[in-house]
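Peer 1: This structure is in structure tokens; I'll ask about it shortly.
The values are calculated or read from the model by the stated rules, or taken from the named source; none is laboratory data. Quick caveat, the model's predicted, so the values are computed rather than measured. Here Cβ is always computed from backbone atoms with ideal geometry, including for glycine, and neighbour counts include all displayed protein chains.
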Amino acid sequence: DTGVSQNPRHKITKRGQNVTFRCDPISEHNRLYWYRQTLGQGPEFLTYFQNEAQLEKSRLLSDRFSAERPKGSFSTLEIQRTEQGDSAMYLCASSSQTSGRYEQFFGPGTRLTVL
Amino acid sequence: AQKVTQAQTEISVVEKEDVTLDCVYETRDTTYYLFWYKQPPSGELVFLIRRNSFDEQNEISGRYSWNFQKSTSSFNFTITASQVVDSAVYFCALRANSGYSTLTFGKGTMLLVSP
């Protein structure tokens, strides 16, 4: 049973550039979540998919952020026109609705640095 | 709205000492779920335990134990005979039954175990 994977692990970009991150959840998990974590803080929820449907978006998710999960498997998170305030660790997690358990399993994260 | 408070920012202990990490939560839901996660220096969040609001039985797993008290809205985590490998940031999280299944995290407690 492979865990959640995320790519890339690190991304350095210049302000104003677009970046895209990928998350591959645990294969049998139908729920997928994106969180953002800044230094010294706990993860903050960004958005949530059940299968391919994006069911919830946080107010933290500005118009520059977009997420997709086209076939209900992997997901991408794109940030357009990056700003220095976007520098953070972006975490992806997945869980199974059918298991009746609610714990989310996290990937290693993508650390974004905006110069 | 949900809220999780981890008042201890950082705790330092010497190996073999017992240590308790505090977690206080707020929710209006009568059904909810509480979690503890460990984030070692490598950065990946590791699931430790889930507790349902309707099950106040305390749990012990090896050197780890959890004390859930609804009367005080607390879900504390104790490590017995701490080891250097326990050094990490520990997060408490809450999932309410209403709405979607996102997690609300506390700010975390950094535990430093020195030899």
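Peer 1: Just checking, which of B:F105, B:F91, B:F68, B:F47 is farther than 29 Å from A:H10 by Cβ and among the aromatic types (F, W, Y)?
Peer 2: Step by step, each of B:F105, B:F91, B:F68, B:F47 is checked, and only B:F68 is farther than 29 Å from A:H10 by Cβ and among the aromatic types (F, W, Y).
Peer 1: To continue, here is another question. Test A:I12 against the criterion of being touching an Asp or Glu at 6+ places or on another chain (Cβ under 9 Å) and among the β-branched types (V, I, T), and give yes or no.
Peer 2: Answer is no for this residue.
Peer 1: To continue, here is another question. Out of A:E56, A:E83, which single residue is over 12 Å from the mean Cα position of the chain (by Cα) and either facing another protein chain (nearest Cβ under 10 Å) or of a type in the set (A, V, I, L, M, F, W, C) (or both)?
Peer 2: None of the other options fit; the residue is A:E56.
Peer 1: Here's a follow-up. Checking A:G42 against (1) under 18 Å from B:F105 (Cβ atoms); (2) in contact with a Ser or Thr (Cβ under 9 Å, 6 or more places away or on another chain); (3) exposed (fewer than 13 other Cβ atoms within 10 Å of the Cβ), only one condition comes out false. Which one?
Peer 2: Single failed check for A:G42: (3).
Peer 1: Determine whether region A:95-107 contains at least one residue that is more than 14 Å from chain B (Cβ to nearest Cβ), touching a strand residue (DSSP E or B) at 6+ places or on another chain (Cβ under 7 Å) and not in a loop (DSSP other than H, G, I, E, B).
Peer 2: no
Peer 1: Within region A:5-25, identify whether any single residue is at pLDDT below 95 and polar (S, T, N, Q), and answer yes or no.
Peer 2: no
Peer 1: Give the residue that is nearest to the other protein chains (Cβ to nearest Cβ), with candidates limited to residues of region A:18-46 that are part of a strand (DSSP E or B) and closer than 14 Å to A:S95 by Cβ.
Peer 2: A:F45
Peer 1: Right, another one. If you take the residues in region A:49-61 that are exposed (fewer than 15 other Cβ atoms within 10 Å of the Cβ) and not basic (K, R), which one is farthest from A:S96 (Cα to Cα)?
Peer 2: A:L60
Peer 1: Next question, about the same structure. Would you confirm whether or not region A:62-75 contains a residue that is within 14 Å of chain B (Cβ to nearest Cβ), surrounded by 16 or more Cβ atoms within 10 Å (Cβ to Cβ) and either within 21 Å of B:S101 (Cα to Cα) or touching a Phe, Trp or Tyr at 6+ places or on another chain (Cβ under 6 Å) (or both)?
Peer 2: yes
Peer 1: Let me ask something else. Show me the strands (runs of 3 or more DSSP E) found entirely inside region B:9-54 where at least 3 residues are modelled with pLDDT of 95 or more and among the aliphatic types (A, V, I, L, M).
Peer 2: B:10-14
Peer 1: Does region B:98-105 contain at least one residue that is buried (at least 17 other Cβ atoms within 10 Å of the Cβ), within 14 Å of another protein chain (Cβ to nearest Cβ) and not hydroxyl-bearing (S, T, Y)?
Peer 2: yes
Peer 1: If B:T30 passes every condition in (1) surrounded by 14 or more Cβ atoms within 10 Å (Cβ to Cβ); (2) away from chain A (no Cβ under 14 Å) but one, which one does it miss?
Peer 2: Answer for B:T30: the failing condition is (1).
Peer 1: Only one of these is over 13 Å from the mean Cα position of the chain (by Cα), polar (S, T, N, Q) and at negative phi: B:S101, B:S74. Name it.
Peer 2: B:S101
Peer 1: Any residue at all in region B:85-92 that is in contact with a helix residue (DSSP H, G or I) (Cβ under 7 Å, 6 or more places away or on another chain) and assigned to a loop (DSSP other than H, G, I, E, B)?
Peer 2: no
Peer 1: Another question about this same structure. If a residue must be farther than 19 Å from A:G107 by Cα, in contact with a Leu (Cβ under 9 Å, 6 or more places away or on another chain) and part of a strand (DSSP E or B), how many such residues does region A:47-65 contain?
Peer 2: Qualifying residue count, region A:47-65: 2.
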